[in-house]
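Taking it in order: structure first as structure tokens, then the write-up.
The values are calculated or read from the model by the stated rules, or taken from the named source; none is laboratory data. Predicted model, so just to flag it, every value in this text is computed and none were measured. Using ideal geometry, Cβ is built from the backbone for each residue, glycine included, and neighbour counts are taken over all protein chains shown.
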Amino acid sequence: MSDVSVSPHGDDFSQAPRASEETETQIAPLPRISIQAFCETEEFAGMIEEAAADRRLTRTVTKTQMGGMTAALEAFRDKPTPNLLVIETSGARELLFRQLESLAAFCDSDTKLVVIGNENDIKLYRDLLKLGVSDYIVKPFGILTFIRQLSSLYSGEVAQGLGRTIGVVGAKGGVGASTIAHNLGWAITRSLKTQGIIVDLDLPFGTTALDFNQDPPQGVADAIYSPDRIDETFIDRLMVKCSDRLSILSAPATLDRLYDLPETAIDATIDILRSTTPVIILDIPHQWMAWTRHVMTAMDELVIVTAPDLANLRNARNLIQTLKTLRRNDHPPHVILNTVGLPKRPEISPVEFAKTLDAGPLIVSPFDAKLFGSATNNGQMVEEIDPSAQIVSLLSSLGYQLMGRTPPSVVKTGPIGAMLARLGLKKTSLAQNA
């Protein structure tokens, strides 16, 4: 892998624009609850609809109605209230308090109430909390702020301890996505000195156990097919430690059954892992099924591995465009252009690939048969074969970024760097392996 990254305009990867600070903070997905919002303005009604489509609210059932507090009072005179009630109001303070007292007579005891208002007053906030309001949010605010506030009602400080999920998927079969996923997991746990786990979701053909020279009797399939048994202890028994910080949940890699999974089949496993492990790398197979699309959508970070040919370019572009819709409040996936410089193979140049893809910077990984071949055949990671290899530094740098951390920087050069420099592209700063 090279020491450079390419944007459509030749920008330095280290200076690539990121999403706002809001997106860098963990926001826990909301549980399976019903949400009903009563809006006074079309603008807030539109925000509710957009929030309902966010990946963190996929388990909720959300309804929107105009009319504000008046409509809410009328709606719940003879109907049960939802788990979470969101009401937009612009009335006077005295009127709001009277309406809340009336609403209290109809609300179920377990219903949480969030009031949306215009008045930025700490005394009002405290008075509302005394009346039993769960939260008061002052307009204007962004959609991620709104989602975070709703999430905090159910997760509190738990969100700060949630593990970060990183999905790695190939734009086409055979582009090295699994190899990148495994070495990325190794790099993150070593560079950031944190505990992590790699989950192999390529159930019939996964190679995680082979790449780490393991032969576990159980793995992720046992968790997927035993949802009633899943808890921290059960998952612990299925994991295999590959180093002092990295464990794996391997795929069965057998063809004695078909792996047609329900859309949410992986959710319970991911939920347990997020509550116990700082970083979870998911090796996602190159398939487009309901459950793989669901897993990709739910990731905190997504890495697409591709090769410099036309089919990969088309597939990567399709994936990115689709995921922009599914992950509308997240920044685009990171893209790794892998096996660049394979002898005698006609290739699309990294510059042209980046321009056509129009997805921000590309991370360029040159073909290195000896390094990767030796690692694969020995059941080792590339860092174990050659700790000074440039891929080690680059994966470490990428790991810092995926985890929302700032890496220490040191500039390196190499053959691909020289080639891209001649094309007018800039070198990026890399993190040393910690």
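Can Asp110 be described as of a type in the set (Asp, Glu), within 35 Å of the chain's Cα centre (by Cα) and assigned by TED's automatic domain parsing to the domain that holds Arg32?
Working: of a type in the set (Asp, Glu): yes; within 35 Å of the chain's Cα centre (by Cα): yes; assigned by TED's automatic domain parsing to the domain that holds Arg32: yes.
So Asp110 passes the test.
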Those residues that are farther than 20 Å from Phe372 by Cα and touching a Leu at 6+ places or on another chain (Cβ under 7 Å), I need them from the range 190-223; list them, please.
Gly196, Ile197, Val199, Leu201, Pro204, Gln218, Gly219, Val220, Ala221, Asp222, Ala223
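Okay, residues lined up against (1) farther than 27 Å from Ser397 by Cβ; (2) surrounded by fewer than 17 Cβ atoms within 10 Å (Cβ to Cβ); (3) in contact with a Cys (Cβ under 9 Å, 6 or more places away or on another chain); (4) at pLDDT 95 or above:
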{"site": "Arg190", "(1), (2), (3), (4)": "no, no, no, no"}
{"site": "Gln218", "(1), (2), (3), (4)": "yes, yes, no, no"}
{"site": "Thr233", "(1), (2), (3), (4)": "yes, yes, no, no"}
{"site": "Asp260", "(1), (2), (3), (4)": "yes, yes, no, no"}
{"site": "Asp271", "(1), (2), (3), (4)": "yes, yes, no, no"}
{"site": "Thr276", "(1), (2), (3), (4)": "no, yes, no, no"}
Sole miss for Leu310 among (1) in contact with a strand residue (DSSP E or B) (Cβ under 9 Å, 6 or more places away or on another chain); (2) over 19 Å from Pro204 (Cβ atoms); (3) among the aliphatic types (A, V, I, L, M) is condition (1)
Pairs under 6 Å by beta carbon, first residue assigned to a loop (DSSP other than H, G, I, E, B) in the range 336-349, partner not aliphatic (A, V, I, L, M), six or more apart or different chains?
Gly341/Pro366; Gly341/Phe367; Leu342/Phe367; Glu347/Pro308; Ile348/Pro308
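Scan the range 77-98 for residues that are touching a residue at least 12 places away in the same chain (Cβ under 8 Å) and either more than 25 Å from Ser152 (Cα to Cα) or in the same structural domain as Asp271 (by TED's automatic domain parsing) (or both) and jot them down.
Going through the range 77-98, the residues touching a residue at least 12 places away in the same chain (Cβ under 8 Å) turn out to be 77, 80-91, 93, 96-97.
Passing the criteria: Arg77, Gly91, Arg93.
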Just checking, how many residues over the range 340-362 are more than 25 Å from the chain's Cα centre (by Cα) and not charged (D, E, K, R)?
9
Pairs please, first residue from the range 356-373 and assigned by TED's automatic domain parsing to the domain that holds Leu337, second anywhere and assigned to a loop (DSSP other than H, G, I, E, B) and of a type in the set (D, E, K, R), Cβ atoms under 8 Å, 6+ apart in sequence or on different chains.
Pro361/Asp11; Leu371/Asp386
